[in-house]
Amino acid sequence: MKRECAMVIAGAGEAGTAAAVALRNGGWGGRIILIGNEASLPYERPPLSKALLTEEDDPTPKFLISPERLAELAIDYRQDQIVEAIDRASRTVILSRCERLSYERLLLATGARPRLLNIPIADGCQLATLRTYADAMKIRNAIKPGTKIVVIGGGFIGLEIAAGAVSKNASVTVLEAGPRLLMRAVPPGIAQRIQAKHEKAGVRIELNSAVAGIELVGDQSSVVLANNRRHAGDLVIVGVGALPNVELARAAGLAVDNGIAADDILATSDPNIFAAGDCCSFVHRLFDRRIRLEVWRNAWQQGAAAAANMLGANASYQNVPWFWSDQYDQTLQIAGIYDETSTPICRNLGAKGHITFFMGDNGRMVAACGFGDLPAISKDIRIAESMIGKRLAPNVAALADPTIAIKSLAA
């Protein structure tokens with residue numbers, strides 16, 4: 001019997017949906033099967049921690065694709081299902097309803113899940129994490145004037161939820177185990193500005209606050225710190241990072257390294273299986289290292305890139321990482337990747353904000369991080385992103401001088 005050619009995609013988030021569309025637009029004439037584990041159309045996740053928590057009208061997900069578009073592209077969307085197993089020898093996958101599908105190429109876009117706390121938690125405590133629309137609605141429905149919200153984790157998700165909750169007149173406390181907010185993501189100066197913004201809005205922030213347990217006291221959840229201090233909340237929101245969903249890949253014998261390990265063309269250790277999005281760690285030639293990114297734009301771009309390479313393009317994925325976060329009326333934007341060996345160059349924009357550029361050992365710009373007014377920050381970070389991609393080494397004195405247009409350094 002002749003094998004039926006199909007491109008199968010496990011995961012219907014940003015990466016998987018982008019890949020399905022790109023496969024059809026790229027000329028694939030066979031079947032495209034997109035498998036999602038939620039009982040809805042694929043939807044965007046960034047609004048879940050932003051507008052969905054605060055908008056007045058009853059919110060609905062912002063769908064990535066319509067039923068009409070799925071039909072137009074002849075994409076077979078299997079909602080509320082998961083891939084249970086991969087049989088690499090026969091190039092088939094087994095779905096949760098025991099259906100077996102043959103694949104020409106398989107894309108793993110299985111995403112990530114919230115990291116859970118490894119501490120004693122009493123039965124009956126009200127906890128929430130944020131990953132899905134249902135998670136966001138639980139948090140939204142709990143945020144009311146006077147409600148006590150305790151957020152564990154001073155990362156992007158925790159701070160965006162804190163901003164939304166305090167804007168709805170809830171009482172909000174953020175507990176961060178480290179010595180400052182956003183430890184791995186932004187430089188200290190920008191972290192201090194973000195903390196000041198939150199505190200001015202009424203958010204209570206406690207640093208160096210390791211959580212030892214959560215107890216039920218009356219009808220509230222009491223967060224117990226290592227120093228025995230307590231913070232009682234009507235709802236405790238846990239935002240301590242995410243774990244890539246690698247179990248399917250590992251069970252199939254694929255290489256795993258902080259995610260499903262892929263090369264620079266997003267192929268896994270099996271050349272017929274690709275990976276993209278939050279679940280994927282890949283070799284980034286621009287930074288000469290293996291990285292994994294949990295950001296919206298990367299997922300969408302990687303999905304499209306993986307689709308092209310599934311069709312034979314064999315193109316190295318070297319897009320410059322970019323991320324944004326809403327913090328009240330200001331924006332936080334990051335381009336590139338920096339580490340402790342990078343040299344920071346600060347550019348003070350006065351009332352408009354602040355940008356820190358990071359230079360590598362060879363003088364190349366490797367990252368930029370800005371916080372402030374959207375027009376000013378967006379423009380300069382966009383130019384910095386281009387400079388990083390072009391491997392430019394601009395004059396550091398000029399970078400630090402706000403009177404010199406960054407665009408003039410990008411030639």
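The values are calculated or read from the model by the stated rules, or taken from the named source; none is laboratory data. These numbers come from a predicted model, not from an experiment. Virtual Cβ from ideal backbone geometry, glycine too; neighbours counted across all protein chains shown. In case anyone asks, the SASA skips ligands and DNA or RNA and just uses the protein heavy atoms, side chains included. Shrake-Rupley method; radii C 1.70, N 1.55, O 1.52, S 1.80 Å.
Protein heavy-atom surface of segment 266-323, 1.4 angstrom probe: 50% of the accessible area is carbon and sulfur, with nucleic acids and ligands not counted.
Counting every alpha-carbon pair across segment 306-378, the share separated by more than 16 Å comes to 58%. Under 5 Å from the amide H of Y77 lie the amide H atoms of L34, each residue being 5 or more positions distant or on a separate chain, with H modelled from the backbone and absent for Pro and chain starts. Over segment 49-165, Cα pairs under 8 Å with separation of 6+ residues give a relative contact order of 30 percent. Rounded, prolate or oblate, given the Cα gyration tensor of segment 244-311, with a/c below 1.5 counting as rounded? In terms of gyration-tensor shape, rounded. Per-residue Karplus couplings for segment 89-96, computed as 6.51 cos²θ - 1.76 cosθ + 1.60 with θ equal to phi - 60°, are listed in order as 5, 9, 6, 9, 10, 10, 8, 5 Hz, Gly and Pro entered as x.
Per-residue ellipticity at 222 nm, computed for the chain from helices alone with -39500 (n - 2.57) per DSSP H run of at least four residues, works out to -7000 deg cm²/dmol. Note that segment 98-103 has calculated 3J(HN,Hα) couplings of 6, 6, 10, 10, 8, 10 Hz, one per residue in order, obtained from phi through the Karplus relation 6.51 cos²θ - 1.76 cosθ + 1.60 (θ = phi - 60°); glycine and proline are x. For D373 and R297, the difference between the fully extended length at 0.36 nm per residue and the C-alpha to C-alpha distance is 25.3 nm.
Note the full-extension length gain between A210 and K407 as 0.36 nm times their separation in residues minus their Cα-Cα distance, in nm to one decimal. Walk me through the intermediate numbers first.
On the way: separation 197, 0.36 × 197 = 70.92 nm, distance 4.36 nm.
Extra length from A210 to K407 when fully extended: 66.6 nm.
The residues of segment 1-149 expose on average 49 square angstrom of accessible surface per residue, using a 1.4 Å probe on protein heavy atoms. Amide H contacts of A262: S281, F282, V283, each under 5 Å away and 5 or more positions distant or on a separate chain (H built 1.01 Å from N in the peptide plane; Pro and chain starts excluded).
The mean sequence separation of alpha-carbon pairs under 8 Å and at least six residues apart, normalised by the residue count of segment 342-382, gives a relative contact order of 33 percent.
Projecting the Cα positions of Q318, A306, I194 onto the charge dipole of the chain (unit charges on Cβ atoms of Lys, Arg, Asp and Glu, taken about the Cα centre) puts Q318 furthest along the positive direction.
Beyond 17 Å, what percent of the Cα pairs of segment 168-297 remain?
Numbers: 5838 of 8385 pairs.
Taking all Cα-Cα pairs of segment 168-297, the fraction more than 17 Å apart is 70 percent.
Less than 5 angstrom separates the built amide H of A12 from those of N37, all sequence-distant by 5 or more or on a different chain. Pairs exceeding 27 Å between alpha-carbon atoms, taken from K200/K407; K62/K407; K144/K352; K62/K352; K50/K379; K197/K379: K200/K407; K62/K407; K144/K352; K62/K352. Mean projected area of the convex hull spanned by the Cα atoms of segment 17-92, taken over all viewing directions: 6.7 nm².
Ordered from longest to shortest, the equivalent ellipsoid semi-axes for segment 231-389 are 31, 22, 14 Å, each the square root of 5 times a Cα gyration tensor eigenvalue. Towards the positive end of the charge dipole of the chain, with charges on Cβ (+1 Lys, Arg; -1 Asp, Glu), say which of G111, N169, A262 has the farthest Cα. Value computed over the given set: A262. Multiplying the residue separation of D270 and T60 by 0.36 nm and subtracting their alpha-carbon distance yields 71.8 nm.
Given the alternatives (1) 68, 61, 38; (2) 86, 47, 37; (3) 59, 48, 41, Cα extents along the principal axes in Å as computed for this entry is given by (1). Mean sequence separation of contacting Cα pairs (under 8 Å, at least six apart), scaled by the length of segment 51-100, corresponds to a relative contact order of 19 percent. Ranking L70, W296, A39 by Cα position along the charge dipole of the chain, where only Lys, Arg, Asp and Glu carry charges on their C-beta atoms, puts W296 farthest toward the positive end. Here the simple spin-label model places points 7 Å from the Cα toward Cβ, and for D339 and A71 these points are separated by 5.1 nm. Excluding ligands, DNA and RNA, the accessible surface per residue across segment 188-340 is 41 Å² with a 1.4 Å probe. With a simple spin-label model that places each label point 7 Å from the Cα along the Cα-to-Cβ direction, the separation between N258 and S40 comes to 3.2 nm.
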